[in-house]
Amino acid sequence: MATFAPPPGTADIFADEARRWRYLEDTAMEVFNRYGYGELRTPIFEYTEVFQKGLGDETEVVQKEMYTFKDRGGRSLTLRPEGTAGVLRALSNTDVMNGVEQRVYYYGSMFRGERPAAGRRREFHQVGVENVGRVAPLIDAECIAMLIDFLKTIGINDAKLSINTRGVAEDRVPAGRLLTDYFTGHIGHMCDDCKARLNRNVWRILDCKQEVCRKIVADAPDYVASFSEMSRNYFEEVKHALDALKIQYTIDPLLVRGLDYYVHTVFEVTHGGLGAQTAIAGGGRYELYLPGQKKPVPGVGFAAGMERLLLVQDSLGVDIAPKQLLPIYLVGLGQAARIANLELAGELRRAGIPVELELEERSFKAQLRNVNKSGALVALIRGESELERGVGVVKTMATGEQIEIKDSELFGYLTEICPKKG
Ligand code: HAM
């Protein structure tokens, strides 16, 4: 047995699984294109301060989970723990800062130093979108609708959508005070993490997973009621649009999300088929600060975890990614037959037919074993005598039936009977 396992929290993805990944990426592209989103590819690492400033110094991701290193020039760089900050860094070089809308999607590896578990990895993959430059409740609603559309297209119809509002910075001061007052009265019964959060970031208490804290959190005051009328109306309009689009949701006042850039609408999609890691996608509206900029960039977006989407598909028994076409197998006995097969393989492959063939000296029996292993429905067999007579033997593997076809007709015959792409 090989002993070279990849580092903890990472994985190798082999062909049959990669086929399903490719399908998710292609489907995301198709769905997002229909909403006017184009692809953006950004670097896998950025200056560390892009994430520190963008996600917030106090967030768990920045504090504990980033893979940060120095390059040879002494610059501090970080493997991206999420896509939004880098995408906004890239878009800040366009006219979004003047209020021009940009719609982009992305996919790829993200890196967080979390404790690995099922559905939680250190290198994981997201497919995400950002709608940047404009602020309007209907843009948020359309973004959520697109996520639901994507999930349905990949066979996930029964996911649960939760939404909430984070208000804006000015709302959070009085609302934060309200929460601090309430939790101060209960902090003696809460976990050590929450004790630390009380003065550092009281909002993080709301999504504490500890049983002792959850009971106290459940009775926390309705802080959204203290938000400004403008913020409450913004949220009402988002809900109204979701109702009009017949998108079902639950309002969850405990949904605050772990990144500091969020304002107004936040949302998360969960699925029961996942076990402990229930979030398959999350997002919301944000105002993201970039290093050296006084004005934040506004936008709304989401990211879905590819590993988790696949786990949910598994739990639902959904495998809708197109299967790889079965090959035709060319069996050659003797060097001259193998060269003739190599020539024919080139022609068939150019015609869109997958071909496998034997390129080394092997017995007829060994070659037939390979034909069976390849799953080929049809094999073409040629040895010296067939070459002399200018024919090939075509064998249908399921029935064992064999017919001889003239060399001049072989290409036409095989392209006729073999499944091809497109
Ligand atoms: P996030 O909630 O941190 O949001 O991550 C989005 C999704 O990525 C999660 O719902 C989950 O499916 C997946 N994910 C996160 N961490 C892991 C992990 N360690 N292993 C496997 N999957 C994971 C963001 O990243 C925001 N940038 C989303 C966003 C875009 N908000 C606005 N625009």
Please list, or write none, the aspartates and glutamates whose alpha carbon is within less than 15 Å of the alpha carbon of residue 70, excluding same-chain residues fewer than 8 places away.
46, 49
Quick one: compute the contact order of region 56-142, relative version, from alpha carbon pairs under 8 angstrom and 6+ residues apart, as a percent.
27 percent
With 27 Å as the limit, write out which pairs from 160/209; 53/215; 365/406; 152/239; 373/395 have Cα-Cα distances beyond it, or answer none.
53/215
Taking 399, 10, 165 and counting other beta carbon atoms within 10 angstrom, the fewest-first order is 399, 10, 165
Defining a contact as two alpha carbons under 8 Å apart and six or more residues distant in sequence, what relative contact order in percent does region 328-417 show?
30 percent
Between residue 350 and residue 181, what is the FRET efficiency for a Förster distance of 60 Å, r being their Cβ-Cβ separation, to the nearest 0.05?
0.25
In the chain the cysteines whose Cβ sits 4.7 Å or more from every other Cys Cβ are 143, 191, 194, 418
Structure-based [θ]222 nm, the chain - -39500 (n - 2.57) summed over DSSP H runs of at least 4, per residue, nearest 500:
-11500 deg cm²/dmol
Computed over the chain: longest principal axis from alpha-carbon atoms vs helix 364-374 long axis, angle to nearest 10 degrees, is 30 degrees
Could you identify which residue out of 30, 49, 211 has the top mean-square fluctuation in a GNM of the chain using Cα springs shorter than 10 Å?
211
What is region 328-417 by shape, rounded, prolate or oblate, if you read a ≥ b ≥ c off the alpha carbon gyration tensor as root eigenvalues and call it rounded for a/c under 1.5, prolate for a/b larger than b/c, and oblate otherwise?
rounded
Take every Cα pair under 8 Å in the chain that's 6+ residues apart, average their separations, divide by the length, and report that relative contact order as a whole percent.
15 percent
Based on other C-beta atoms within 10 Å, arrange 121, 134 from fewest to most.
134, 121
Return the loop-located GluC sites (Glu not before Pro) in region 349-422 (DSSP other than H, G, I, E, B) with at most 11 other Cβ atoms within 10 Å of their own Cβ; answer none if there are none.
360, 361, 401
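Identify the trypsin sites (Lys or Arg not before Pro) of region 1-68 meeting these criteria: DSSP loop state and at most 16 other C-beta atoms within 10 Å of the C-beta.
41
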Identify which of 218, 159, 175 has the largest mean-square fluctuation in a Gaussian network model of the chain, with springs joining Cα atoms closer than 10 Å.
218
Cβ density ranking, 10 Å radius, fewest first, applied to 339, 247 yields 339, 247
Across every pair of different alpha-carbon atoms, what Kirkwood hydrodynamic radius in Å does the chain reach?
25.1 Å
In region 1-59, the chymotrypsin sites (Phe, Trp or Tyr not before Pro) that fall in loop regions by DSSP, at most 11 other Cβ within 10 Å
4, 14
Given springs between every Cα pair under 10 Å in a Gaussian network model of the chain, which of 99, 412, 305 has the largest fluctuation?
412
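Each value in this text was obtained by applying a stated rule to the coordinates, not by laboratory testing. Keep in mind it's a predicted model, so treat the numbers as computed, not measured. A quick note on method: Cβ atoms are made from the backbone with ideal geometry, for glycine too, and the neighbour counts reach across all protein chains shown.
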